[in-house]
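The values are calculated or read from the model by the stated rules, or taken from the named source; none is laboratory data. Here the structure is a predicted model, which means the values were calculated and not measured. Ideal geometry is used to build each Cβ from the backbone, glycine not excepted, and the neighbour counts take in all protein chains shown.
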Amino acid sequence: MKILIIGSGGREHAIAHKLSLSSDVSGIIVSPGNAGMEKTLPGIKTQKIAADDIEALLSFALKEQIALTIVGPEATLSLGIVNLFRANNLLIVGSTKEASLLETSKAFAKKIMNEAGVPTAAFSEFFEAEIALQFIHSSPHTKMVVKCDGLAAGKGVVVCQNKTEAINAVNALMKDKLLGENIDHIIIEDFLEGIEVSAFALCDGESFSFLGTACDHKRLRDGDMGPNTGGMGVFSPASIFSIADELWINENVFAPMLNTMKKNGTPFTGILFAGLMKTKHGWSVLEFNVRFGDPETQVLLPLIEEDLLPWFKASAAGTISELQNKLGRLSPRKSNLVGVHVVMAAHGYPGTEGVKVRSGDKIQFDKNFNLDSKDYLFFAGVDGIGSDLVTKGGRILGITALSEKFSSARKNAYDLISKIHFDGAQFRRDIANGQV
Ligand code: AMP
Ligand code: GLY
């Protein structure tokens, strides 16, 4: 099978790497991909079609006789690439434009969760700033969370410690239009306290397969300080997540979400990524994403021990329960190891502190930089200049190390990180700290 993977980051590199191990894969093309992927994975090609040019991607997939396409970024999904490919009889892993609203509209996700009986913080939706401000003044709570409805590149959620912060957030989003004119309404939800875990399920509209859990480190600096980022590192599995939790989440989150989406005529296919919080009252869903996480995927996929191609095909073809029956198990086999992934980002990333994000710096590896069979190097924001790799801003690359224990996985990941150099490199030194 010839595979097309859409996107250009570490997540897509990890998907390409995983599928390159499949004996049924005859070629992998990543579009637009990055220069690092081609260097580390012989046989992987990149194609410079932008991830949002879905018509050009369709023409390419038809011309190249792509047997299966896997979509990384949510923006591509929300443009309707899955609808377009399916209308042309192409197999594709991802959610339709309509189902992608679970990620792109917080209010839509909340309504579906309420309809499905999925536990989530209580919320109210506002279309006018004055009404939102009155609500804040009369709320019995001091802490609350203001979220804008719509894709906001990670900037649309403001966790407010008091009413003044909530008022400022409403004014910034709704009156000053800080995130743009298209943010026309918000939700305000109850503040929850607890430990966050991300859980992933591969879905086919009706059935699903639980893929695993991970814990992201979203802030730029050690100790969860500094601005929010796409994720600076991650470990998997989440140590607080037991088999009983997995059963509970399957039964009370993934299954009812899939049933409700199907009942409403917008079946959910692709990857459902639940942002969960374990509060003192039990699990609650903070958000859904409709895709693999980045960097969560860079540790989740290396911990899956079998070929993922049959599972991806089943997601695209609507045959997950058939595959589960045939294999006699509900999910792909997972390793007993644990994994730690550390991201190296460009100076100035994530670009919200008024410092220009640096690019064009040569990436160098010490002579003794060697990956053993449980280590992985995934590239993200890199360009090729001649035989060199140079930084291209944002998150540049990441190292995943698998081991029996978090302590040794962390040590191995940081040993490798210390052998990679580029000017201005930023990385956290505390990924998976405290995990044993
Ligand atoms: P979201 O994009 O909705 O996951 O929100 C981003 C981050 O904001 C989450 O990872 C949480 O750390 C925090 N957050 C979101 N909703 C809540 C909530 N109801 N209570 C406390 N923190 C929240
Ligand atoms: N790492 C968080 C995300 O992919 O949304």
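Summary table below
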| quantity | calculated |
| --- | --- |
| Residue check, L247 surrounded by 16 or more Cβ atoms within 10 Å (Cβ to Cβ), on the phi < 0 side of the Ramachandran plot and aliphatic (A, V, I, L, M) | no |
| Answer residue from segment 250-285, given it is within 16 Å of ligand 1 (Cβ to nearest atom) and of a type in the set (K, R) and is surrounded by the fewest Cβ atoms within 10 Å (Cβ to Cβ) among those | K280 |
| Segment 278-296, subset of a type outside the set (K, R) and either touching a His at 6+ places or on another chain (Cβ under 9 Å) or part of a loop (DSSP other than H, G, I, E, B) (or both), residue farthest from ligand 2 (Cβ to nearest atom) | H281 |
| Search result, residues across segment 361-392 that are of a type in the set (G, A, S) and surrounded by 20 or more Cβ atoms within 10 Å (Cβ to Cβ) | A380, G381 |
| Enumerated strands (runs of 3 or more DSSP E) restricted to segment 175-266, each holding at least 1 residues that are in contact with a helix residue (DSSP H, G or I) (Cβ under 6 Å, 6 or more places away or on another chain) and more than 14 Å from ligand 2 (Cβ to nearest atom) | 186-190, 195-204, 208-216 |
| Matching residues in segment 333-360 - criterion: being surrounded by 21 or more Cβ atoms within 10 Å (Cβ to Cβ) and over 18 Å from G10 (Cα atoms) | V338 |
| Condition check for T164: without any contact (Cβ under 8 Å) to a residue 12 or more places away in the chain, of a type in the set (V, I, T) and part of a helix (DSSP H, G or I) | yes |
| Looking only at segment 229-243, and only at residues there that are away from ligand 1 (no atom under 15 Å from the Cβ) and in contact with a strand residue (DSSP E or B) (Cβ under 9 Å, 6 or more places away or on another chain), the one that is nearest to A432 (Cα to Cα) | F235 |
| Residues satisfying the stated conditions in segment 187-208, i.e. farther than 19 Å from V285 by Cβ and in contact with a strand residue (DSSP E or B) (Cβ under 7 Å, 6 or more places away or on another chain) | D204, G205 |
| Failed condition for D190, given (1) modelled with pLDDT of 95 or more; (2) closer than 21 Å to S105 by Cβ; (3) more than 14 Å from ligand 1 (Cβ to nearest atom) | (3) |
| Within segment 100-118, considering residues that are in a helix (DSSP H, G or I) and polar (S, T, N, Q), the one farthest from G275 (Cα to Cα) | N114 |
| Residue check for D53: of a type outside the set (K, R), without any contact (Cβ under 8 Å) to a residue 24 or more places away in the chain and surrounded by 15 or more Cβ atoms within 10 Å (Cβ to Cβ) | yes |
| Any pair with Cβ under 8 angstrom, 6 or more apart, that starts in segment 190-209 at a residue that is within 15 Å of W311 (Cβ to Cβ) and surrounded by fewer than 19 Cβ atoms within 10 Å (Cβ to Cβ) and ends at one that is modelled with pLDDT under 95 and among the acidic types (D, E) | none |
| Hits in segment 364-407 - residues which are more than 18 Å from S236 (Cβ to Cβ), aliphatic (A, V, I, L, M) and without any contact (Cβ under 8 Å) to a residue 60 or more places away in the chain | L371, I385, V390, I396 |
